[in-house]
Amino acid sequence: MKNLPLTDTHISLNAKMVDYAGFNMPVQYEGVIAEHLCVRNNIGVFDVSHMGEIFVSGKEAKKFLQFITSNNIDNLYPGKVQYSCLPNLNGGIVDDILVYMLDNSSFMLVVNAANIEKDLLWLNTHNSFDCKIDDQSSDYSLLAIQGPKSLDLINELSESDISLLEYYTFITGKIAGVDDVIISRTGYTGELGYELYVSNDHVLKLWNMLFSKSNDLKPIGLAARNTLRLEKGFCLYGNDINDSTSPLEAGLGWITKLSTDFINSPYLLDQKNNGLEKRLIGFEVIDRGIARKDYLVFDENKNEIGVVTSGTMSPSLNKAIGMAYIDVKSLGKDEILIQVRNKFILAKIIDIPFVK
């Protein structure tokens, strides 16, 4: 396992550490429910420094990204962030990513930790453009400050007025005495929040300054990160999306701009025109039990119609919720059955997000 710059800090806070995508990561501190509700109602900080940062720059950087990603790069401007994905040649997804436009010929891609090497290989393999691809993942740490009180804390530490930042925009500025920090109004919780990209040399100073300025701030682990994102219906790579799920099936048509010409866009256009075979849906368990990843889904006649991709007990709703792919011909049904070991539990299909 690879240690993060703050690994010793997490251990000193009695965090439970686990191997996540090859990194030694804090999965929880105080407990999942307490940490989850802290972010929903107050403020928490995640160390997500395992995420990858890949820089693309050069004369044809924009042209390359328009070809390699599913969203419309023309909608970006310096200081703007875009959620997108890297489509593969089989109708699936190499990875879901964030694209940061630093200037007209320079971009930062934020990729999932487990996919850094895969994404680099994919990018380099398809780079027939006049641009440079530079993996700087090992140089950056990333802190996500999330929750209703996050703006007050970040504004107190920043030399810039962070209240001016709109959703999915960023600046590069000075915060807590640290220069050249990318301050981004983004996050994976559905709450007001900010993500701070900082050099490894300065992340401990930034972490300590955050806690010195707020008595409400708590460290939050990966377990609560998962329950928070699921309540908002955010897809997790490796669960809800992967190499064999199309962005259209995953409900990500809004980041799949078929008016642009990108890798395998004709396949996705045909898929849209001819109709999908499966769709990602949300469900709430009615019976006792929790539906977990890979549990099979059935109709009322116990015909297999799909599979669960994510499931948990929602701390905000105190209900078991989840997402699953089911056959489109079964989408008109209100209820489904999920096989939990040797029994079937009843669930109802509901709209995503679960927490509005």
Counting only residues that are within 17 Å of G233 (Cα to Cα) and part of a loop (DSSP other than H, G, I, E, B), the stretch 295-319 contains a total of 4
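Here's the yes/no breakdown for (1) in contact (Cβ under 8 Å) with a residue 12 or more places away in the chain; (2) hydrophobic (A, V, I, L, M, F, W, C); (3) under 29 Å from L204 (Cβ atoms):
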position	(1), (2), (3)
P26	yes, no, yes
N41	yes, no, yes
V45	yes, yes, yes
S49	yes, no, yes
Y77	yes, no, no
G92	yes, no, no
Residue that is nearest to the chain's Cα centre (by Cα), among those in the stretch 190-213 that are farther than 13 Å from F46 by Cα and assigned to a strand (DSSP E or B): V198
Given the criterion assigned by TED's automatic domain parsing to the domain that holds L317, modelled with pLDDT of 95 or more and of a type outside the set (K, R), identify the matching residue among G251, G282, G238. G282
Of all residues in the stretch 259-289, how many are within 15 Å of I336 (Cβ to Cβ) and surrounded by fewer than 20 Cβ atoms within 10 Å (Cβ to Cβ)? 5
Return yes when S314 is modelled with pLDDT of 95 or more, touching an Asp or Glu at 6+ places or on another chain (Cβ under 8 Å), closer than 18 Å to L252 by Cα and not assigned by TED's automatic domain parsing to the domain that holds G31 and no when it is not. no
How many residues, within the stretch 320-345, are surrounded by 15 or more Cβ atoms within 10 Å (Cβ to Cβ) and in a strand (DSSP E or B)? 15
Take L98 and decide whether it is crowded, with 20+ Cβ neighbours inside 10 Å, on the phi < 0 side of the Ramachandran plot and outside the structural domain of F23 (by TED's automatic domain parsing). no
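The values are calculated or read from the model by the stated rules, or taken from the named source; none is laboratory data. Quick caveat: nothing in here was measured; it's all calculated off a predicted structure. As a convention, Cβ positions derive from the backbone with ideal geometry for all residues, glycine included, and neighbour counts pool all protein chains shown.
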